[in-house]
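Each value in this text was obtained by applying a stated rule to the coordinates, not by laboratory testing. Predicted, not measured: the structure shown is a model, and the values here were computed from it. Every residue, glycine as well, gets a Cβ built from its backbone with ideal geometry; the counts of neighbours run over all protein chains shown.
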Amino acid sequence: MSKTIALSFAQKYGTPEAIIYIERGGMVFGRLLSDYFGVSRLYGIRASHYSEVNKMMDAVHLEGMEAVPKSWPNGKYILIADDIADTGKTLNAVLSEVRKSTPNVATATMLRKPRSIILPDFCSKTLDNNTWVIFDYEEAETAEDFKKSGNKEGQDFMRRKYGVRRNARSKANPSAGLPAK
């Protein structure tokens, strides 16, 4: 997905001046894009619309925008990357902030849900429903969130589907949440 998006972006806009990825979901995607483009200017923005699994906050909370330059070279595009446009509110909040410093901004996500308020400029796949998506890099975190919220159905799903155990991660038990052997 990352490679396809990078090729499409390059054909339309060339190489981006920088990539701004939305933490934490966009970290892997942003890193892959930076590799394909050879772009070393990466900025991570913490943007969250969820306080925990399936619990949305009233507003998007942004952190880290102070590290993003306030001006960019004319003509060069900035690429904002996130793993998924779920509601689209985090992507839209970051896009609004970056547009204050340049009009040359494009957005990219690997996936998009139908309910998203924003259609990313580049997206590999639009899902046919608003199902909860669990990426490989967030299995243990999701299992932990299900445990903290007491969601036994979610915990059982994680165990059946991914082999993720229910016990909590900790310094004393760092392998908790890893697939059972």
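Sorting 164, 39 on the 10 Å Cβ count, fewest up front, what's the list?
Lowest count first: 39, 164.
As I understand it, the value is the acute angle between the Cα axis of helix 139-148 and the longest principal axis of the Cα atoms of the chain; what does it come to in degrees, rounded to 10?
60 degrees
Given that compact globular proteins tend to follow 2.2 N^0.38 Å, what is the ratio of the alpha-carbon Rg of the chain to that value?
Computed over Cα atoms of the chain, the ratio equals 1.10.
Of the chymotrypsin sites (Phe, Trp or Tyr not before Pro) in region 116-166, which ones lie in a loop per DSSP and count no more than 16 other C-beta atoms within 10 Å? Provide the component values of the computation, followed by the final result.
Working: sites: 122, 132, 135, 137, 146, 157, 162; in loops: 132, 135.
Here the sparse-neighbourhood loop sites are 132, 135.
Would you tally the net charge around residue 45, using a Cβ to Cβ cut-off of less than 13 Å, leaving residue 45 out, and scoring K and R as +1, D and E as -1?
-3
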